[in-house]
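These notes are about the structure you will find just below.
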Amino acid sequence: MRTAIAAFLIGGITGTEAIQAQQSEITVATMSLDAYTTGRDVKELKRAKASIDKACAHESTKEQAKTWRYKGSIYTQVAFNQELKLENPNAGYEAYQALMKGLDLDVAKLEAKGKPKHKIPGKSTYSTLFEAVSGALYNGGADAFGAKNYESAYNHFSSILDINPKTAFFTKTKIEFKFKEAEAARLAGVSAAKVGKMEEAEKLLMPSLEKGDMEEELATSTYSLLANSYYDADKKDKAKEILAKARKQYPLNQGLLITEINYALSEGRLAELEEQLQQAVEADKNNVELIFVMGNMYDELFRAALEKGEEKEAADYFTKSVNWYKKGLETKADHYNCAYSLGAVHVNYSNSLARKLNEMTDTRSETYKKMNEEYNSLLKSGLESLLVAEGIKPGELQVLIALKEVYARLAEDDKFMEYKKKVDEAQGK
C-alpha cells in the first residue's frame, strides 16, 4: 500500500508545480546563456537550448513573449557557435522565427488591452536581438548556398529582407546590418530561382539588374539564370522577355548571346537569329566586338556539332567562325580575342581529327595520309594565329599554354621547351 501511495504522490504534480517547473526551465535557460556568454563553455549553451526548447513546447509558457525572445537569443548564439551550428544548420532561421513570434505575442497582448502596438516593451532589446540575428541568418544562408541547399538559403536570406519592414512600427531608424542588404537580396533571388520560386526570384533580382547595380559579369550571369529558370519551367515567353532586356542592356555579352543561341536552336530559329545579328553588323561595320560575337556564335555551334558527331554541320560552322574572326582582325589587327579564338578554333578542329587518326590501324592508307595532312594543316594555321595573339599580349598565360601544346603536337621539341619555360615563368614556378 505504501508503494502505491508513493507512486501516486510522485506522479501527482499539481498544475501550479508544473507551471513553476516550466518557469524554472526559462530561468535555467537564461542563466546558462549568461554563463556561456561569460565563459564560452559550449555545455552551458547546450543546456540553455535544451531548457528553452522545453519551455517553448509547454502549455504554461509557450504563449509568453519572453519565452520566444529567449529562444531567439539562445538560437542566435547556437548559429554562431562553430560546433553547435553543424548540428543545427537552421539555427539562425529558427532564431528569427522565434523573435517574430515573440514580437507578435507582445503586439497581441497590447491590442487586447486596446493599446497601440508601437508601445511594446523592450524596443531596444528587440532591435539588438534582430541586429544579431541578421548576421546569423546571413552566415546560415551562405553555408546553405555553398552546400547547394537552396531552399534553406532562400529562407535565410529572404528573412533578412523582412526584418526592417516588420520592425519599422517601433524603430525610429532601420536596424543596421554588417553586410550589404543588396547582396542578401541577390542571393535570396538566386536561391529562389534555383528552387523554382520564379515570381519571388524576379521580384528580388530585376530591380537591381535594371538599375545596373551589379558588375557586368555578375549581372549577365544572373540574367541568364533567371531567363533559363523560366525557360526550364516552360514559360518561354517570359524567359525571352527577360533575355531581351539583358541583351539590350549588354548587347555584346557572349554569355547572353550563347543563351539566345540555345533558345533559337531548341526552337529551330537559328536562321532568324543569324539574320538579326548580321543586320546588326551591317549597321555598325566597324564594331569589332560585334564581329567577334558573330565569330564566337559560330564557334559555339561548331563545338556543339562536333560533340554530337555532326561532321557536315561542324565543318560549316567552322568555316563561318574562321571567316568572322578573320574579318575582326581585318577591322582591328590587334584584337586579341579574335586572334586567340582563330587559333583555338583550328586547334579544336584538329583534336577531332587526332581522335580519328588514333583509331585508324592502316597508317599507310590514302585516307590516313590525307587526314594526317589536314590535321597538320589545322595545327599550323592555329599556330600562326596563336603567335599573332602572343604578339598582341606577350606573356598571356592562356596563349602560352596553347602554344606549348601545339609545339608538342608538331614535335618541335626546342619550341616546346621554350614555351614550357615561358609557361612556368608566367605561373611563377
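Remarks
- Residue with peak Gaussian network fluctuation, the chain [Cα springs, cutoff 10 Å], from 27, 67, 361: 361
- Between residue 27 and residue 418, the contour length at 0.36 nm per residue exceeds the Cα-Cα span by 133.3 nm.
- Computed helical MRE - 222 nm, the chain, DSSP H runs ≥ 4 contributing -39500 (n - 2.57), nearest 500: -26500 deg cm²/dmol
- By the beta-carbon count within 10 Å of each Cβ, the least crowded to most crowded order of 341, 60, fewest first, is 60, 341.
- Inter-label distance for residue 262 and residue 34, nm, one decimal - labels placed 7 Å from Cα along Cα-to-Cβ: 5.8 nm
- Stokes-Einstein D (µm²/s) once Rh is taken as the Kirkwood radius of segment 286-429 over alpha-carbon pairs, at 20 °C in 1.002 mPa s: 134 µm²/s
- Cβ crowding within 10 Å, taken as a proxy for footprinting-reagent exposure, orders 58, 335 from fewest neighbours to most as 58, 335.
- Set 62/113; 43/180; 380/421; 46/178 screened for pairs whose C-alpha atoms are more than 23 Å apart: 43/180; 46/178
- Dimensionless Rg ratio for the chain, taking C-alpha atoms and the 2.2 N^0.38 Å reference: 1.48
- Sites residue 178 and residue 125, calculated FRET efficiency, Cβ-Cβ separation with R0 22 Å, nearest 0.05: 0.70
- Principal axis extents of the Cα atoms in segment 115-219, from largest to smallest and rounded to whole angstrom, are 48, 30, 24.
Read-outs throughout are calculated quantities, based only on the coordinates presented, and are distinct from any laboratory measurement. Remember, it's a predicted structure, so these values are computed and weren't measured experimentally. Glycine also receives a Cβ, built like all others from the backbone with ideal geometry; neighbour counts cover every protein chain displayed.
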